[in-house]
Amino acid sequence: MKTFDLYRHPTLGYEAVKRGFSWPGFFIGAIWALSKRMWLGGTLLLIAWVILFGVRGEEPDAAVAAFVRKAAGDPIVPTPG
């Protein structure tokens, strides 16, 4: 059974908010937060995503391969392609 909390806004009226875990919020957090008008949280998630997985000059697969080679102690040799 779903449980809801009821909130009253002085000018907008009442709104029921479902309690529980949000799978869309887990998988696509920034987009979900922005769609729910959580501007600060969504913006911070987008900024964190750009910092962690940001726009680079190389393709993501090449970046991951270079990181793994570097972590393993192998010399980094660029791959053609």
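Below, the figures for the structure above:
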| read-out | value |
| --- | --- |
| Burial ranking of peptide ranges 45-51, 2-8, 29-35 (average Cβ count within 10 Å, highest at the top) | 29-35, 45-51, 2-8 |
| Cross-link partners of K18 among lysines (Cα-Cα below 16 Å; sequence separation of 8 or more within a chain) | K2, K36 |
| Residues of region 5-26 with amide N under 13 Å of the 7 Å Cα→Cβ point at S35 | 22-26 |
| Farthest toward positive dipole pole in region 22-72 [+1 Lys/Arg, -1 Asp/Glu at C-beta], among I51, A30, A62 | A30 |
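Read-outs throughout are calculated quantities, based only on the coordinates presented, and are distinct from any laboratory measurement. Bear in mind the structure is a predicted one, so any value in this text is a computation, not a measurement. A quick note on method: Cβ atoms are made from the backbone with ideal geometry, for glycine too, and the neighbour counts reach across all protein chains shown.
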